[in-house]
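Trainee: Once you've had a glance at the structure underneath, I'll fire off some questions.
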Amino acid sequence: MAPRDAIVSLKQVSKLFGVDGGVHALKCIDLEINLGERVAVMGPSGSGKSTLLNLICGLDVPTTGSITFDGFDLSKLSDDECTRLRREKIGMVFQTFNLLPTLSALENVSFPLRLQGQRSHVAEERARAMLERVGLKERNSHRPDELSGGERQRVALARALIFEPPLLLADEPTGNLDSATGEEILHLLDDLHRRLNMTIFLVTHNELAAAHCERLLILRDGQIVKDEFLERN
Amino acid sequence: MFRALALITSRQWQQHKLRLALTMLGIVLGVAVFFAVQTANITLVSSFQVTIEKLAGSATLQVTAGEAGFPQETLKTIRAIPGVVIAEPVIEVVARTSLPDQPNLLIMGLDTASDQKLHEDMFDEATLEISNPLAFLTKTDSIALSRAFAEQYGLKHNDLLPVFTQKGRQDFTVRGFFKPTGAGAVFGGNVAIVDVFAAQTAFGRGATFDRVDIKTDPNSSLDSIQQNLRERLPPGLHVERPSRRGEGIENATASMNLGLTIVSFLALTIGVFIIFNSFGISVNQRWKEIGILRSLGVGRSQVQQMFLGEAVVMGLLGSVIGIVVGFYLAKAATKVMSSIAAAIYGYVSTPQPPQFRWDYAATALGVGIFSSLLAAWLPARAASRLNPVLALHNIETQQRETGSGRVRFMIGLMLVISGVALTRFSTPRVGLMIQCLYAVAIQLGLILLLPAMIAISARVLRPVMGRLFGIEGVIGVDTMARAPRRTAATVGALMIGLSFVFANGAFIQSQKRALNRSLDRAVNTDLLVTTSEQVRSRTYHFTEEIAGRVAAVPGVKRAENLRVTAIPYGGDEVALLAHDMDAWLTRAPDVLDEGDTSTARSLTARGEGFVISRNFSTRWGVGLGDSLRLETPVGTLVRPVLGVLEYYHSEKGTIFMDREVYKEFWRDNMLDYILLTLNENVEPEAIKSQVQAAIAGEQQAFIYTHQEYKEWVTRLIDQFFTLTYLQMIVAILVAALGLINTLVISVSERRREIGVIRAIGGLRKQVRKMVLLEAVAMTMVGIAAGILSGVLNAYFLVRTAATIIAGFTLPLEFPFAMVFVAMPAVLMVALLAAWWPARRAVRLRVVEAIGYE
């Protein structure tokens, strides 16, 4: 078992890619992320940031080593159990928003709850409240193509946090936004973190984004070359 | 440049083998059905031709007079004509034997005393075996068999061969064998020869012959001899070259061929939709590739040509495979068509392997390539008009499609309305091609309306599916509605497939209902006794003596005798029903649609007029009060038309006359049906056995109650439409293929979306459910569109096609029961079709899908 306040724990995790396993994406990673912590992961392209994120949420499996999330050893879970874990405990935000294009903002946000089998009116009630939190009360019925980039990312955030997960994984959430909008999203993240106290695992290239976190990991060639706690303003 | 573009195409095909295979399969099936029907048609026609020519031997002319034959005295007149070298009488019957498995035998009655110069190939001295020539000539029970038949049933000299004749089972003695060549090879070699006069007696021909085969002097003009014969013989006798008689049979079965050809074009249309679908999606998938090509200097027209080139190659390959498949399908189709021709028209054919016709293959190839090009035209144009900057910038934004345009909607609506209006108000005189355009307008209009129909259906289905199946149902409907063009192509294929099924079902049901109503009015007797299980038997008939015995059965109140035959009219063959007109019109007083029944009854009973079917009236332009002129074996018969009724016995038309007139002019007193009205409180089943007992040992009789007769007729209609039913199944399969195609592509287009759903917590089974529900949503819209299109096409078929093909006026009956049966069946097929794409969706690697571009 991981220590009581560690929500994610990686032990000697390696990931190999390629036909003959020639690409070493991650090499013997040991990492613990604590509850409520905001961790920024930086590093050059190909350093293994996204691989690390995919392993933590159970979308991918390590070649060697073990990953524990909220007390569960991910390697012992079936695909469906991993999926259930994700939809109940892990929110995800992507660089390209990845909203479902045919659904309205309200439907997109309520979607994870409906996947869990909640009735549509209950799910939509909660989604409405979540959209209000992210400042999109008036945009409920708009579809993604009727929203600006910043608004889309707010909807994506609302969707990720609708079931108040203990862990939010964000893969370059400001990568497709201009700097002002990106800053808005980061402030929103700060605000949501303060209110919901979830753990945030933020993959980014952007130092300004990383500055919103308490802890910074720097990856290079599949290894953690720096793990430091930041002093916040 | 083209080589470079060909490289791109070949790599695309390597990467998307499945899409390529499904597209090709669409072409293959369409072309195969088209080619099979054409090949089966020509094979059947050729087998009729071959049969007639072989039976004619070396005859250069033949004299016939319809089914009833003509007086044997005519032979003398024919032989006396200058230039006639040989004139041999013939009687030709297909008789049942009571050998094991009861094979039918084509029995030719020939003048065995002659030297058989007309059939030298069959009777050459080296191979002809007559054990006792004198006995063969003098004994009327002598029969010679083709060696093939004899060997198959182990028949030797002096063995007895039991044959069902007009007088019941009769044993013939085998006294000779001949080579299974020439006439001996027709009918699968099941051929026998008896003396023509013995055949007259055995098959109740009286003093008539069916035919006289003539060999003319090769040094004289055949035309002048033919003309001379025509002038010297009564006008009811036809003097034709054997090849022209084959054309007559071809005409008689033309409606069957025409119907099947129309149907095969429909199968091809569904194939076109599949190709259109595939190309449309291919363009969408290759958006970025097209952008890159444009940025590298490939022009708009070259992009278009690249796609059209792909269409040509696919069309070529698919058509070649389709032709091969079609050729093998033709084997089965020929068998079915031969059995229909035998059962419905009573024609004998010689089984023949399908004939591979290069001209048909070339046509099929052309049709396949043209269809492929036609289907690829719009997607290719869309590809060429693509904005390269947008394409390079973000491929996801390009996948959105515009919905239904108002102009498109209005054009579609106008086409449907005008197609229906023209079907309703236009006259049949405008011709087949013009009338077919009405159906094309309706179908094209519906296709243009499809995106609007999909949008409306999605609005209706979304909350319903959401309520029934949760968010997966909503996503399924949304996915369908999101790509109206792609969905329209699939729904279009489903619509055409189902429309084809429903419209044909309606057409068949309308025919059945109309026929049943007609039988209720015209043949409303308690029992009906007939000689054959087929619509027309050219062999077995009742004699008046048998009819008298049946009429005398206790419990029979009234017996009406009916001769059902065919006579030549206007270069074609129409049906003739010789009835006791007084009894018939008394029993069925409301049978006439036009004309005064009591006048018609009294005058036709005295032989002073005819009654005709409405389709005869339409086809030949003869109406109430007009004089109808018939050429009979003994002279011309002209009488006024005193009544017109809806009657569906023959698509060429039916003439009703009093049987006494028929007997006088055709010298034929045979009967085919005996209609019995029973005394009250008499049990029909009891009478059936008494009738059987009265006829026992002489003639085989099939006895039906009115209801049983209607059921028998219904079965015959089903038999007539056997190939149509098979084509219905093909149509559904082709449509299912379109569905698979669309769903596979839908899944691959939505890789990222599916990946996201999985990433944010969608279970595999939920993703599977979404794909399956997308198929369900599309199928529901396809069924709705299919019903709408089916109703309109059924209206077209009963209003127009029935009139063109047969001159029938049919009230429309839509097969709602068929729709209710089809709905779950089609949904099941759709779910099966969607299973594999759903599996692909479920097996998607989420990490790759999220990062997919």
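Since every read-out is calculated from the coordinates, none of them should be taken as a lab result. Everything numeric here is computed off the predicted structure, so don't read it as measured data. Neighbour counts run over all protein chains shown; Cβ positions are idealised from the backbone, glycine included.
Trainee: Putting +1 on Lys and Arg Cβ atoms and -1 on Asp and Glu Cβ atoms, find which of B:VAL28, B:LEU293, B:LEU528 reaches farthest to the positive end of the dipole of chain B.
Mentor: B:LEU293
Trainee: Taking H placed 1.01 Å from N in the peptide plane, check which residues at least 5 places from B:GLY206 or on another chain put their amide H under 5 Å from its amide H.
Mentor: none
Trainee: How big is region B:662-753 by Rg and Dmax over its Cα atoms, in Å?
Mentor: 27.1, 85
Trainee: Could you tally the net charge around B:LEU515, taking each other residue with its Cβ under 14 Å from the Cβ of B:LEU515, Lys/Arg +1 and Asp/Glu -1?
Mentor: Numbers: positive: B:LYS512, B:ARG513, B:ARG517, B:ARG521, B:ARG614, B:LYS710, B:ARG715; negative: B:ASP520, B:GLU646, B:GLU651, B:GLU711, B:ASP718, B:GLU813.
With Lys, Arg at +1 and Asp, Glu at -1, the neighbours total +1.
Trainee: So how far, in whole Å, is the C-alpha centre of region B:433-453 from the one of region B:293-342?
Mentor: Measuring centre to centre over Cα atoms gives 24 Å.
Trainee: Cα gyration tensor of region B:508-559, axes a ≥ b ≥ c as square roots of the eigenvalues: rounded (a/c below 1.5), prolate (a/b > b/c) or oblate? Walk me through the numbers before you get to the answer.
Mentor: Numbers: a/c = 3.86, a/b = 1.52, b/c = 2.54.
Because a/c hits 1.5 or more and a/b fails to exceed b/c, region B:508-559 counts as oblate.
Trainee: Then there's this: Could you work out the local net charge near A:LEU217, counting Lys and Arg as +1, Asp and Glu as -1, over the other residues with Cβ closer than 12 Å to its Cβ? Display every interim value, and only then the final one.
Mentor: Details: positive: A:ARG38, A:LYS49, A:ARG215, A:ARG220, A:LYS226; negative: A:ASP30, A:GLU32, A:GLU37, A:GLU214, A:ASP227, A:GLU228.
Combined, the nearby Lys, Arg, Asp and Glu give -1.
Trainee: Can you find, among B:LEU161, B:SER789, B:THR334, the residue sitting farthest towards the positive end of the charge dipole of the protein assembly as shown, where Lys and Arg contribute +1 and Asp and Glu -1 at Cβ?
Mentor: In the protein assembly as shown, that residue is B:SER789.
Trainee: Here's a follow-up. Computed over the Cα atoms of the protein assembly as shown, what is the ratio Rg over Rh, Rh following Kirkwood?
Mentor: Details: Rg = 39.8 Å, Rh = 34.9 Å.
Rounded to two decimals, Rg over Rh is 1.14.
Trainee: Need one number: % antiparallel among DSSP beta bridges in the protein assembly as shown, to the nearest 5. Write out the running numbers ahead of the final one.
Mentor: Numbers: 85 of 121 bridges.
Given both bridge residues lie in the protein assembly as shown, the antiparallel proportion sits at roughly 70 percent.
Trainee: What spacing in nm lies between the two simple spin-label points modelled at B:THR714 and A:GLU214, each 7 Å away from Cα in the Cβ direction?
Mentor: 8.2
Trainee: Next up: Ignoring everything except DSSP H segments at least 4 long, calculate the 222 nm mean residue ellipticity for chain A; use -39,500 (n - 2.57) per segment, divide by total residues, nearest 500. Please list the in-between numbers first.
Mentor: Working: 7 runs with 79 residues, N = 233.
Helices in chain A give a 222 nm mean residue ellipticity of -10500 deg cm²/dmol.
Trainee: Moving on to the next point. In peptide B:748-760, what is the residue-averaged number of other protein chain Cβ atoms found within 10 Å of each Cβ? Each step should come with its number before you reach the end.
Mentor: Values: counts 0, 0, 2, 0, 3, 5, 0, 2, 10, 5, 5, 12, 20.
Average neighbour count from other chains, rounded to a whole number: 5.
Trainee: Please compute, for peptide B:469-475, the average count of beta-carbon atoms on other protein chains lying within 10 Å of each residue's beta-carbon.
Mentor: On the way: counts 0, 6, 14, 2, 0, 7, 6.
Whole-number average of other-chain Cβ neighbours for B:469-475 is 5.
Trainee: Bins of 20 Å, beginning at zero and ending with the bin holding the largest distance: percent of Cα pairs per bin for chain B, please.
Mentor: Histogramming chain B at 20 Å steps yields 14, 38, 29, 16, 3 percent.
Trainee: Based on other C-beta atoms within 10 Å, arrange B:TRP358, B:TRP666, B:TRP287 from fewest to most.
Mentor: In order of increasing Cβ crowding within 10 Å: B:TRP358, B:TRP287, B:TRP666.
Trainee: Which whole-number percent gives the relative contact order of chain B, counting Cα pairs below 8 Å spaced six or more residues apart?
Mentor: Details: 1595 pairs, mean separation 150.3, N = 853.
Value for chain B: 18 percent.
Trainee: Restricting to Cα pairs below 8 Å that are 6+ residues apart, what does the relative contact order work out to for region B:600-640? Please round to a whole percent.
Mentor: On the way: 32 pairs, mean separation 13.5, N = 41.
Normalised by residue count, the contact order of region B:600-640 is 33 percent.
Trainee: Based solely on its DSSP helices, what 222 nm [θ] is calculated for chain B when runs of n ≥ 4 H residues each add -39,500 (n - 2.57) and the sum is averaged over all residues, nearest 500 deg cm²/dmol? Intermediate values should be presented prior to the final figure.
Mentor: Working: 31 runs with 502 residues, N = 853.
Only helices count here, giving -19500 deg cm²/dmol.
Trainee: Shifting gears a bit: So for the protein assembly as shown, taking the charge dipole from beta-carbon charges (+1 Lys/Arg, -1 Asp/Glu), which of B:GLY466, A:LEU52, B:LEU413 sits furthest toward the positive end?
Mentor: A:LEU52
Trainee: So who's got an amide H within less than 5 Å of the one on B:PHE172, skipping anything under 5 residues away but keeping other chains? H placed 1.01 Å off N, in plane.
Mentor: Distant-sequence amide H within range of B:PHE172: B:LEU161, B:VAL163.
Trainee: Between region B:539-564 and region B:628-671, how many Å separate their Cα centres?
Mentor: Region B:539-564 and region B:628-671 have Cα centres separated by 20 Å.
Trainee: While we're on this one: Could you compute the FRET efficiency for B:GLU848 and A:GLU138, with r as their C-beta to C-beta distance and R0 at 51 Å, rounded to 0.05? Numbers along the way, then the final one.
Mentor: On the way: r = 37 Å, r/R0 = 0.73.
Using R0 = 51 Å, I get an efficiency of 0.85.
Trainee: Further question: With θ taken as phi - 60° and the coefficients 6.51, -1.76 and 1.60, list the Karplus ³J(HN,Hα) couplings across region B:317-326 in order, rounded to whole Hz; mark glycine and proline as x.
Mentor: 5, x, 5, 4, 5, x, 5, 5, 4, x
Trainee: OK, next. Would you mind checking B:LYS215/B:LYS663; A:LYS15/A:LYS226; B:LYS17/B:LYS331; A:LYS89/B:LYS769 for any pair whose Cα atoms are more than 21 angstrom apart?
Mentor: B:LYS215/B:LYS663; B:LYS17/B:LYS331; A:LYS89/B:LYS769
Trainee: Quick one: A:CYS82, A:CYS57, fewest Cβ neighbours within 10 Å first, how do they rank? Walk me through the numbers on the way to the answer.
Mentor: Numbers: A:CYS82 20, A:CYS57 25.
The most exposed by this proxy come first: A:CYS82, A:CYS57.
Trainee: Also, I was wondering about something else. Only four residue types carry charge here, +1 at the Cβ of Lys and Arg and -1 at the Cβ of Asp and Glu. Report the dipole size of chain B about the Cα centre in Debye, rounded to the nearest 20.
Mentor: 5080
Trainee: In peptide B:560-572, what is the residue-averaged number of other protein chain Cβ atoms found within 10 Å of each Cβ? Please list the in-between numbers first.
Mentor: Working: counts 0, 0, 0, 0, 0, 0, 0, 0, 0, 0, 0, 0, 0.
Mean partner-chain Cβ count within 10 Å for B:560-572: 0.
Trainee: Ok, one more. What residues have an amide H closer than 5 Å to that of A:LEU168, excluding those fewer than 5 places away on the same chain, when H is modeled at 1.01 Å from N in the peptide plane?
Mentor: Residues meeting the amide H criterion: A:GLY91, A:THR199, A:ILE200, A:PHE201.
Trainee: Here's a follow-up. Region B:159-211: Rg/Rh from Cα coordinates, Kirkwood Rh? It would help to have the intermediate numbers written out before the result.
Mentor: Details: Rg = 12.2 Å, Rh = 12.4 Å.
Using Cα coordinates only, the ratio equals 0.98.
Trainee: Where Lys and Arg each count +1 and Asp and Glu each count -1, what net charge lies around B:PHE136 among other residues with Cβ under 11 Å from its Cβ? Don't skip to the end; give the middle numbers.
Mentor: Numbers: positive: B:LYS139, B:ARG175; negative: B:GLU129, B:ASP141, B:ASP195.
Summing Lys and Arg as +1 and Asp and Glu as -1 gives -1.
Trainee: Give me D for region B:789-848 in µm² s⁻¹, whole number, from Stokes-Einstein with Rh from the Kirkwood sum over alpha-carbon pairs, 10 °C and 1.306 mPa s.
Mentor: On the way: Rh = 15.0 Å.
This corresponds to a translational diffusion coefficient of 106 µm²/s.
Trainee: Treating the beta-carbon of each Lys and Arg as +1 and of each Asp and Glu as -1, no other charges, what is the dipole magnitude of region A:1-97 about its Cα centre, to the nearest 20 debye?
Mentor: Details: 11 positive and 12 negative charges, 35 e Å.
The calculated dipole for region A:1-97 is roughly 160 debye.
Trainee: Among B:THR363, B:THR565, what is the fewest-to-most ranking by other Cβ atoms within 10 Å? Present the calculation step by step, with values, prior to reporting the outcome.
Mentor: Details: B:THR363 15, B:THR565 20.
Ranking B:THR363, B:THR565 by Cβ neighbours within 10 Å, fewest first, gives B:THR363, B:THR565.
Trainee: Something else now. Rounded, prolate or oblate for region B:561-660? Axes are the square roots of the Cα gyration tensor eigenvalues, ordered a ≥ b ≥ c, and the cut-off for rounded is a/c under 1.5.
Mentor: Values: a/c = 1.43, a/b = 1.26, b/c = 1.14.
Rounded.
Trainee: Convert each backbone phi in region A:142-152 into a coupling constant with the Karplus relation 6.51 cos²θ - 1.76 cosθ + 1.60 (shift: θ = phi - 60°), then list the ³J(HN,Hα) values in order as whole Hz, x for Gly and Pro.
Mentor: 7, 8, x, 6, 9, 10, 6, x, x, 5, 4
Trainee: Which ³J(HN,Hα) values, rounded to whole Hz and listed in residue order, are derived for region A:27-37 from phi using the Karplus coefficients 6.51, -1.76 and 1.60 in 6.51 cos²θ - 1.76 cosθ + 1.60 with θ = phi - 60°, glycine and proline given as x?
Mentor: Along region A:27-37, the couplings run 10, 6, 8, 10, 7, 10, 10, 8, 4, x, 7 Hz.
Trainee: Let me ask something else about it. Let me know the shape class of region B:577-725, please: from the alpha-carbon gyration tensor, a ≥ b ≥ c as square roots of the eigenvalues, rounded when a/c is under 1.5, otherwise prolate if a/b is greater than b/c, or oblate.
Mentor: On the way: a/c = 1.70, a/b = 1.40, b/c = 1.21.
Prolate, because a/c is 1.5 or more and a/b exceeds b/c.
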